[in-house]
Amino acid sequence: MQVKRQPGIPFILVTVFLDTLAFGFVIPVLPALVATMTPDKQSQAYWYGLLLGSFGLAQFFSAPLLGALSDRFGRRAVLLVSIFGLGLNFFITSIAPWLWLLLVSRLIGGASGASFTVAGAYVADVTSQEERSRSFGMIGAMFGLGFICGPILGGLLSPYGLRLPYFAAAGFSLLNWLYGFFILPESLPANRRSAIDFAKANPFAAIIALTKVQGIGSLVWVVVLTAFPQFLLQSSWVLYTTFRFGWGPRENGFSLFVVGIATALGQTVMLGLLLRRLGDANTALAGLASSCFAYVLYGLATQGWMMYAIILANLCGFAAGPALQGIVSRAVDPRHQGITLGSLNSISSIMGVIAPLVAAPILAAVSGLDPTDWRVGATFFVAAIAQFLALGQASLHFRRRRLIRAGAP
């Protein structure tokens, strides 16, 4: 008789790690792959932005729906579909001879990219409210570990062919799917599942509903204003370092390796320290402030080593996301964790559409400037402004909540 496995965080952490590892393989390679199909730097910047934005657009519409499906049918089945779709995305990219086919593969990957949404719901299923932020931090740490291994391995594979990392990513997605099929247990029992409300699964309706949850309200705008600079950084990093420092896939792979280390440390060690000393709200504020300064410094960096120093100095910044996610998760009905976290992911996804569309023309405009010109870092200055607005909005939100709890008029 087979013993039924009990759901637990280690199961889902492995899934997140393998998923991120596959993504990490291809991040430092995509701009170089696009460059082989475009005639100049400006075309490269625009197509790169379009490919990044298309993934976010597909994810924006699919995330609440997939989250709602996981509330109805369980987390495991939706994760398996998601992982398969991501693997198909990587495989198509590895053989695509045309830019339009790359675009199709990105749409497939974005539409099925529910792994992080459903992983968050899975963790919410099996953890107490008191441990929720710390558990989300563990997911972030595994995301970081995937980025430690993935980009550096992708960078090392790239000299042997720009498409080889995509074959490797497809292989790891297959491994992840096999792990999920044979090992990953279900976390949501049948008596806690809820019917699908397709009206609420609409991404616009889901986000509006989230703003009406008591205790969250304007905090949704903080998530929006925080997601935008994060995606702006992701959209700009590889091309910015190429224009500014002349980095290639190998150097960018190493830099993202350091980002992965910082993410893992920030969302485990630093997050734990800050939560014990400051609590969720003040941890989020400290992280937002730290990242605001980091964006400015990225844009002003004149030598490659400075980027590494700024990454490591911004460990506190990586703690803001899990703290905010924990606050939101505790405020909603446990039966609706999937659609709630899907709504949060939708917010991030639409920023993943807008940010590349903002970054692409800026990067195209500065591509011809001297590498030492401060304007080359323009995308990071825009990111800093958005992060500063997020910090201000978060400060107002938490101040109002404290006044309400204190009974102030």
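Overview of values
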quantity: Mean Cβ neighbour count within 10 Å, used as a protection proxy, ranking 297-308, 222-233, 59-70, 152-163 highest first; calculated: 59-70, 222-233, 152-163, 297-308
quantity: Positive minus negative residues near Ala170 (Lys, Arg vs Asp, Glu; Cβ under 13 Å); calculated: 0
quantity: Model label zone, Leu357; criterion: amide N under 18 Å from point 7 Å along Cα-to-beta-carbon; scope the stretch 227-255; calculated: 227-236
quantity: Karplus-derived 3J(HN,Hα), 6.51/-1.76/1.60, for each residue of the stretch 41-48, Hz, glycine and proline x; calculated: 5, 5, 4, 4, 4, 5, 5, 4
quantity: Inter-label distance for Asp370 and Arg250, nm, one decimal - labels placed 7 Å from Cα along Cα-to-Cβ; calculated: 2.9 nm
quantity: Accessible surface, the stretch 86-169, averaged per residue in Å² (probe 1.4 Å); calculated: 35 Å²
quantity: Net length gained if the chain between Arg402 and Glu131 were fully extended (0.36 nm per residue, minus Cα distance); calculated: 95.4 nm
quantity: Fully extended contour minus Cα-Cα distance, from Leu175 to Ala32, at 0.36 nm per residue; calculated: 48.8 nm
quantity: Net charge contributed by nearby residues that have their C-beta within less than 13 Å of Leu157 (K/R +1, D/E -1); calculated: +2
quantity: Two-site label geometry, Ala313 and Val14: point separation in nm, points 7 Å out along Cα→Cβ; calculated: 4.1 nm
quantity: Portion, in percent, of the accessible area of the stretch 62-153 that falls on carbon or sulfur, probe 1.4 Å; calculated: 76 percent
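The values are calculated or read from the model by the stated rules, or taken from the named source; none is laboratory data. Since this is a predicted model, take the numbers as computed values, not measurements. Quick reminder, even Gly has a Cβ in these numbers, built from the backbone with ideal geometry, and neighbours come from all protein chains shown. Ligands, DNA and RNA are stripped out before the accessible areas are found, and what is left, the full protein with its side chains, is counted by its heavy atoms. Shrake-Rupley method; radii C 1.70, N 1.55, O 1.52, S 1.80 Å.
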